[in-house]
Amino acid sequence: MGLTLPGDIIISPTISAEKVGHVGIIEKAGAANIISNSSKAAAIKDYWDGAEWLRYYGGKGLNTYVFRAR
């Protein structure tokens, strides 16, 4: 995933009805924490880290991209 900074956007785009992606915001440098919505909990959560995100969404066959606002 490379070096990430707070405020970077992480996206694993949906590619089909069975392979639904997700969007998050890097909270701490190095993707130590990623915050994202939880529809089930109806709240914003910070339970992801970069390795977990890649393992989960990569396991679904999704690519992951990180974008930084200038």
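The values are calculated or read from the model by the stated rules, or taken from the named source; none is laboratory data. Remember, it's a predicted structure, so these values are computed and weren't measured experimentally. Cβ coordinates were reconstructed from backbone atoms using ideal geometry, including for glycine residues, and neighbour counts include every protein chain displayed. Side chains are part of the model used for accessible areas, which takes the heavy atoms of the whole protein and leaves out ligands, DNA and RNA. Shrake-Rupley method; radii C 1.70, N 1.55, O 1.52, S 1.80 Å.
For region 1-48, a tally of residues being of a type outside the set (Ser, Thr, Tyr), in contact with a Gly (Cβ under 8 Å, 6 or more places away or on another chain), open to solvent by 40 Å² or more (accessible area, probe 1.4 Å) and not in a strand (DSSP E or B) returns 7.
Cβ separations smaller than 8 Å between residues 6+ apart or across chains give the following pairs from region 18-41 residues that are hydroxyl-bearing (Ser, Thr, Tyr) to residues that are open to solvent by less than 70 Å² (accessible area, probe 1.4 Å): Ser36/His22; Ser36/Gly24; Ser36/Trp48. When region 40-56 is limited to residues that are closer than 16 Å to Asp8 by Cβ and of a type in the set (Phe, Trp, Tyr), the one that is modelled with the lowest pLDDT turns out to be Trp48.
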